[in-house]
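*Asks:* I have a structure here, written as structure tokens, and I will follow up with some questions on it.
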Amino acid sequence: MTSWFKLAFAAALLAPLPAVAHHGWSGQDNAHVTTLEGQIQAVRYRDPHAEIDLMDHGQKWTITLAPTERLGSRGVSEAALKVGDTVKINGHRNLDKTRYEVKANDITIGGKTTNLR
Amino acid sequence: MDGLAHAVLTLAQQLEASPVGAAMRGTRGLYPAVNTVHLLGVVLLVGGIGVVDARVLGLGRAVPLAALSRYLTPAAIAGLGLLAVSGALLFCADAGPFIRSPLFQAKLALIALGAANAFLFRRRFGDFDDGAEPPALARAMAAASLGLWTSATVVGRWLAYL
């Protein structure tokens, strides 16, 4: 068995793994702005994009914010995003409406709105 | 089969939880820096070998093929090296989701086929003799090279969106 065949074989072996989407998504509902307000449930201050989980009227949403470098330079440090704090976001929802995911245009923390785009 | 897939998944999860994975997610500026190296790797690989492939396919016959191949093939191999190192680092940031992504699995398969095609091409034809024109098999493999590396690039870019 040649080395390239082993490589292709190894790649094919991965196919039985359960499929999940990566963090990224391509289709967002740009025709509508989704506004959410609620408590931060979790903060993932990380690259390539920071995320928070937000509870709005009993529904947990995953909000994609921005790369950490951009967040930091606009004054949204990791310390500014606290679990339990109430924040408001405007953004665009994933076109797949079975997923409660929003890419945020801006976030309002303690009355201060920061543009994220 | 399932046992091996499980072992690969476990390894991916360990890489994601490793200090390298944490550094890729949490070190200021690191992710975009490694992403930039990955992009430069694509430029060297697809640009370098793409020009050789185009010449093998019959474009730019005014340029001597042997000299072109001797000059650009090492650049393409350097690009592949940059891609492998930077790609492994980017993978560590999100290894679990990546390894389960059908798109990522397709990308790995395309890279394996592209590398196999390149290896067999080198073994069969090398840099060609001075003044020689490539036979039909070489042209077919050059077309495959163009198709495989551009496909791997397209699939790789879509990984960020699907």
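*Asks:* So in the stretch B:21-37, with the set limited to residues that are over 20 Å from the mean Cα position of the chain (by Cα) and in a helix (DSSP H, G or I), which one is nearest to the other protein chains (Cβ to nearest Cβ)? Reasoning before the result, please.
*Replies:* Restricting attention to the stretch B:21-37, the residues satisfying the condition of being over 20 Å from the mean Cα position of the chain (by Cα) are B:21-30.
Next, from what is left, pick out any that are in a helix (DSSP H, G or I): B:21-26, B:30.
On the way: B:GLY21: 10, B:ALA22: 9, B:ALA23: 10, B:MET24: 7, B:ARG25: 4, B:GLY26: 6, B:LEU30: 7 Å.
Of everything passing the filter in the stretch B:21-37, B:ARG25 is nearest to the other protein chains (Cβ to nearest Cβ).
*Asks:* Whether any residue in the stretch B:97-106 is in contact with a helix residue (DSSP H, G or I) (Cβ under 6 Å, 6 or more places away or on another chain) and loosely packed, with under 15 Cβ neighbours inside 10 Å is what I want to check.
*Replies:* no
*Asks:* Give the residues of the stretch A:40-78 that are more than 13 Å from chain B (Cβ to nearest Cβ) and within 15 Å of A:LYS103 (Cα to Cα), sorted by residue number. Even if it seems obvious, please write down each step before you answer.
*Replies:* Narrowing the stretch A:40-78 to residues more than 13 Å from chain B (Cβ to nearest Cβ): A:40-42, A:52-63, A:65, A:74-76.
Selection gives A:ILE52, A:ASP53, A:LEU54, A:LYS60, A:TRP61, A:THR62, A:ILE63, A:LEU65.
*Asks:* Please determine whether any residue of the stretch B:147-162 is loosely packed, with under 14 Cβ neighbours inside 10 Å, over 30 Å from A:ALA50 (Cβ atoms) and away from chain A (no Cβ under 12 Å). Before you say what the answer is, go through the steps one by one.
*Replies:* The initial filter retains those residues of the stretch B:147-162 that are loosely packed, with under 14 Cβ neighbours inside 10 Å, namely B:154, B:157, B:161.
Of the ones still in play, those that are also over 30 Å from A:ALA50 (Cβ atoms) are none.
No - not one qualifying residue is present in the stretch B:147-162.
*Asks:* Another question, then. Could you look through the stretch B:15-32, keep only residues that are of a type in the set (A, V, I, L, M) and in contact with a helix residue (DSSP H, G or I) (Cβ under 8 Å, 6 or more places away or on another chain), and pick out the one that is farthest from B:CYS92 (Cα to Cα)? Explain how you work it out, then say what you get.
*Replies:* Restricting attention to the stretch B:15-32, the residues satisfying the condition of being of a type in the set (A, V, I, L, M) are B:15, B:17, B:20, B:22-24, B:30.
Keeping just the survivors that are in contact with a helix residue (DSSP H, G or I) (Cβ under 8 Å, 6 or more places away or on another chain) gives B:15, B:20, B:23-24, B:30.
Working: B:LEU15: 5, B:VAL20: 7, B:ALA23: 9, B:MET24: 7, B:LEU30: 13 Å.
The selected residue is B:LEU30.
*Asks:* Could you tell me which residue of the stretch B:131-142 is farthest from B:HIS6 (Cα to Cα), considering only residues that are surrounded by 14 or more Cβ atoms within 10 Å (Cβ to Cβ) and touching a Leu at 6+ places or on another chain (Cβ under 8 Å)?
*Replies:* So, considering only residues that are surrounded by 14 or more Cβ atoms within 10 Å (Cβ to Cβ) and touching a Leu at 6+ places or on another chain (Cβ under 8 Å), the one farthest from B:HIS6 (Cα to Cα) is B:PRO134.
*Asks:* Being more than 14 Å from chain A (Cβ to nearest Cβ) and touching a helix residue (DSSP H, G or I) at 6+ places or on another chain (Cβ under 6 Å) is the filter; apply it to the stretch B:107-130 and report the residue that is surrounded by the most Cβ atoms within 10 Å (Cβ to Cβ). Lay out the reasoning, then the answer.
*Replies:* Narrowing the stretch B:107-130 to residues more than 14 Å from chain A (Cβ to nearest Cβ): B:125-130.
Applying the additional criterion that residues be touching a helix residue (DSSP H, G or I) at 6+ places or on another chain (Cβ under 6 Å) yields B:125, B:127-128, B:130.
Working: B:PHE125: 19, B:ASP127: 17, B:PHE128: 21, B:ASP130: 9.
Selected residue: B:PHE128.
*Asks:* Please give the number of the condition A:MET1 fails out of (1) under 21 Å from B:GLY21 (Cβ atoms); (2) among the hydrophobic types (A, V, I, L, M, F, W, C); (3) at pLDDT below 95.
*Replies:* (1)
*Asks:* So, one more: Output yes when any residue across the stretch B:50-57 is assigned to a helix (DSSP H, G or I), touching a Gly at 6+ places or on another chain (Cβ under 8 Å) and surrounded by fewer than 14 Cβ atoms within 10 Å (Cβ to Cβ), and no when none is.
*Replies:* For the stretch B:50-57, residues assigned to a helix (DSSP H, G or I), touching a Gly at 6+ places or on another chain (Cβ under 8 Å) and surrounded by fewer than 14 Cβ atoms within 10 Å (Cβ to Cβ): absent.
*Asks:* Restricting to the stretch B:1-14, what's the tally of residues that are more than 8 Å from chain A (Cβ to nearest Cβ) and touching a helix residue (DSSP H, G or I) at 6+ places or on another chain (Cβ under 7 Å)?
*Replies:* We begin by selecting, within the stretch B:1-14, every residue more than 8 Å from chain A (Cβ to nearest Cβ); these are B:3, B:6-7, B:10-14.
Now restrict to residues that are touching a helix residue (DSSP H, G or I) at 6+ places or on another chain (Cβ under 7 Å): B:12-13.
The qualifying residues number 2.
*Asks:* Which one of these is within 15 Å of the chain's Cα centre (by Cα), within 14 Å of chain A (Cβ to nearest Cβ) and surrounded by 13 or more Cβ atoms within 10 Å (Cβ to Cβ): B:LEU40, B:LEU82, B:LEU45, B:LEU90? Before you say what the answer is, go through the steps one by one.
*Replies:* Numbers: B:LEU40 fails: within 14 Å of chain A (Cβ to nearest Cβ); B:LEU82 fails: within 14 Å of chain A (Cβ to nearest Cβ); B:LEU45 fails: within 14 Å of chain A (Cβ to nearest Cβ).
Unique residue meeting the criteria: B:LEU90.
*Asks:* Let me ask you something else. Assuming B:LEU68 fulfils every condition listed in (1) in contact with a Lys or Arg (Cβ under 7 Å, 6 or more places away or on another chain); (2) under 30 Å from B:THR10 (Cβ atoms); (3) not charged (D, E, K, R) apart from one, which condition is it?
*Replies:* B:LEU68 satisfies every listed condition except (2).
*Asks:* Suppose we filter B:ALA138, B:ALA67, B:ALA142, B:ALA75 for residues that are away from every other protein chain (no Cβ under 14 Å), of a type in the set (A, V, I, L, M, F, W, C) and closer than 21 Å to B:ASN35 by Cβ; which single one remains?
*Replies:* Details: B:ALA138 fails: closer than 21 Å to B:ASN35 by Cβ; B:ALA67 fails: closer than 21 Å to B:ASN35 by Cβ; B:ALA142 fails: closer than 21 Å to B:ASN35 by Cβ.
Being away from every other protein chain (no Cβ under 14 Å), of a type in the set (A, V, I, L, M, F, W, C) and closer than 21 Å to B:ASN35 by Cβ holds for just one of B:ALA138, B:ALA67, B:ALA142, B:ALA75, which is B:ALA75.
*Asks:* With (1) modelled with pLDDT under 95; (2) charged (D, E, K, R); (3) surrounded by 17 or more Cβ atoms within 10 Å (Cβ to Cβ) as the list, and B:ARG28 as the residue in question, which single condition is left unmet?
*Replies:* Result: B:ARG28 passes all but (3).
*Asks:* Of all strands (runs of 3 or more DSSP E) completely enclosed by the stretch A:23-117, which ones contain at least 2 residues that are acidic (Asp, Glu)? Please lay out each step first, then the result.
*Replies:* Details: elements: A:34-44, A:51-56, A:59-64, A:86-93, A:101-109, A:112-115.
Counting at least 2 such residues, we get A:51-56, A:101-109.
*Asks:* Just give me the residues in the stretch A:51-72 being closer than 18 Å to B:ARG25 by Cβ and free of Cβ contacts under 8 Å to residues at least 24 places away in the same chain, in sequence order.
*Replies:* Step one: filter the stretch A:51-72 for residues closer than 18 Å to B:ARG25 by Cβ, giving A:51-53, A:62-72.
The answer is A:ASP53, A:PRO67, A:THR68, A:GLU69, A:GLY72.
The values are calculated or read from the model by the stated rules, or taken from the named source; none is laboratory data. Note that the structure is predicted; figures quoted are calculated from it, not measured. Counting neighbours? That spans all protein chains shown, and the Cβs are built from the backbone with ideal geometry, glycine included.
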